[in-house]
Amino acid sequence: MNGTPDMSSAESYGDERGLDPREAAQLLDRTQRQAQRELDFRSPWLSLLAAAVALLAFGAIWLSVRGQHPYKGPTPAGLIVLYAVVLIRIGTVLYAYRRATVGVSGHSVRRRQAEGAALGVALLAVYVVMAALAHAGASDGVVYGVYVSTATLLVLGVFWAARSAVREDWQGLGLSIAIVLVAAGSAFAGPRGVWLSDGVALCIVLLAYSAAQAWLLRAPRSDT
Amino acid sequence: MTADTLDPLIHAPARLQIMATLAALPDGDALSFTRLQDMIRLTPGNLITHLRRLEDADYLTSEKTGAGPASRTSVALTHRGRAALDDYTETLRGLLNGL
């Protein structure tokens, strides 16, 4: 933002038109909704995209491992699809985040940066432990199947749950608890099945979350 | 209870929009003047007038950083401003329930 006007040299425009209480309540409700929509990077469309990404990414890995006997782990082709869709997801989230936070400064911006750094370190640790497990002689099915998919989702889910709880974001808390349950439950499907189970279950959870977000954006408020 | 019981500083369309928009930010965050102007679609002069009135009442604070074309003005609700908006909302709810 360049050259914003000096607030001490204001023109004398006024908008002192009286408001009917009902009119004021409608204006307040409309403005609050619009502000929350514009300042929050999360949206039903972004969640819908996340559902597609989860299905495509985990589905591609499942297709690459389902015929392996013994289990060797995701093939390069499967990993290329996984990384491509994950990069698309990261790109869209960053775009939405930057768009929503243009002109916003203060505590929450610094807090989000710190959270992002903490999440990055936690995800990196998942892959360090994966290398340690392989080094210790754990089977490919455990290291490159059950562990890597489950641990990644657990870290993401627990991180988001803690973040949502601090902000009293109950919708986000519900989503993250569902992700943790999906991760833990899918681990029982074994090294091949875990990818399919994660992909399908996450897709369903994210579709439900997207629908809930859309419904809440449309639902009338009861507080004013 | 009548509409006269509503805080006259907030009970004007432009100022109500300013307060409601800034209240959507987490406590301690500020919004740049141009982003606020984009969001509530007021002319710069009109927006400044209303911001100054709210600042005089200690409902918001403004901070200007930089100088010349690179200057940037940010505005944020104060605790007093947030409390005033909460009171306004409560009073409005009471009025609507009484209608």
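Looking only at residues that are touching a residue at least 60 places away in the same chain (Cβ under 8 Å) and of a type in the set (Phe, Trp, Tyr) in the range A:56-114, which one is nearest to A:TRP45 (Cα to Cα)?
A:PHE58
Return the total of residues in the range B:13-56 being within 18 Å of B:ASP86 (Cβ to Cβ) and at the interface with chain A (Cβ under 7 Å from one of its Cβ atoms).
9
Quick one: how many residues across the range B:17-34 are more than 16 Å from B:ILE48 (Cβ to Cβ) and in contact (Cβ under 8 Å) with a residue 60 or more places away in the chain?
Summing the residues that are more than 16 Å from B:ILE48 (Cβ to Cβ) and in contact (Cβ under 8 Å) with a residue 60 or more places away in the chain in the range B:17-34 gives 2.
So which of A:ALA165, A:ALA201 is over 18 Å from A:ARG33 (Cα atoms) and either surrounded by fewer than 18 Cβ atoms within 10 Å (Cβ to Cβ) or within 14 Å of chain B (Cβ to nearest Cβ) (or both)? Working first, answer last.
On the way: A:ALA201 fails: either surrounded by fewer than 18 Cβ atoms within 10 Å (Cβ to Cβ) or within 14 Å of chain B (Cβ to nearest Cβ) (or both).
Sole residue among the options that is over 18 Å from A:ARG33 (Cα atoms) and either surrounded by fewer than 18 Cβ atoms within 10 Å (Cβ to Cβ) or within 14 Å of chain B (Cβ to nearest Cβ) (or both): A:ALA165.
In the range B:40-99, how many residues are of a type outside the set (D, E, K, R), more than 17 Å from the chain's Cα centre (by Cα) and farther than 20 Å from B:ALA23 by Cβ?
10
For the range B:16-30, name all the residues that are at pLDDT 90 or above and either touching a strand residue (DSSP E or B) at 6+ places or on another chain (Cβ under 7 Å) or crowded, with 23+ Cβ neighbours inside 10 Å (or both).
Matches in the range B:16-30: B:LEU16, B:GLN17, B:ILE18, B:MET19, B:ALA20, B:THR21, B:LEU22, B:ALA23, B:LEU25, B:ASP29, B:ALA30.
For residues in the range B:57-74 being more than 7 Å from chain A (Cβ to nearest Cβ) and among the β-branched types (Val, Ile, Thr), which is surrounded by the most Cβ atoms within 10 Å (Cβ to Cβ)?
Step by step, filter the range B:57-74, then rank; the result is B:THR61.
Tell me, which residue of the range A:86-122 that is charged (D, E, K, R) and at pLDDT 90 or above is surrounded by the most Cβ atoms within 10 Å (Cβ to Cβ)?
Within the range A:86-122, the first condition is being charged (D, E, K, R), and the residues that meet it are A:89, A:98-99, A:110-112, A:115.
Applying the additional criterion that residues be at pLDDT 90 or above yields A:89, A:98-99, A:115.
On the way: A:ARG89: 18, A:ARG98: 10, A:ARG99: 10, A:GLU115: 15.
My answer is A:ARG89.
Out of all the residues in the range A:179-195, which are crowded, with 19+ Cβ neighbours inside 10 Å and in contact (Cβ under 8 Å) with a residue 40 or more places away in the chain?
Result: A:ALA187, A:PRO191, A:ARG192, A:VAL194, A:TRP195.
Criterion first (modelled with pLDDT of 95 or more and either of a type in the set (Gly, Ala, Ser) or part of a helix (DSSP H, G or I) (or both)) does A:TYR83 satisfy it?
The answer is no for A:TYR83.
The values are calculated or read from the model by the stated rules, or taken from the named source; none is laboratory data. As the structure is a computational prediction, the values presented were derived from the model and not from experiment. A quick note on method: Cβ atoms are made from the backbone with ideal geometry, for glycine too, and the neighbour counts reach across all protein chains shown.
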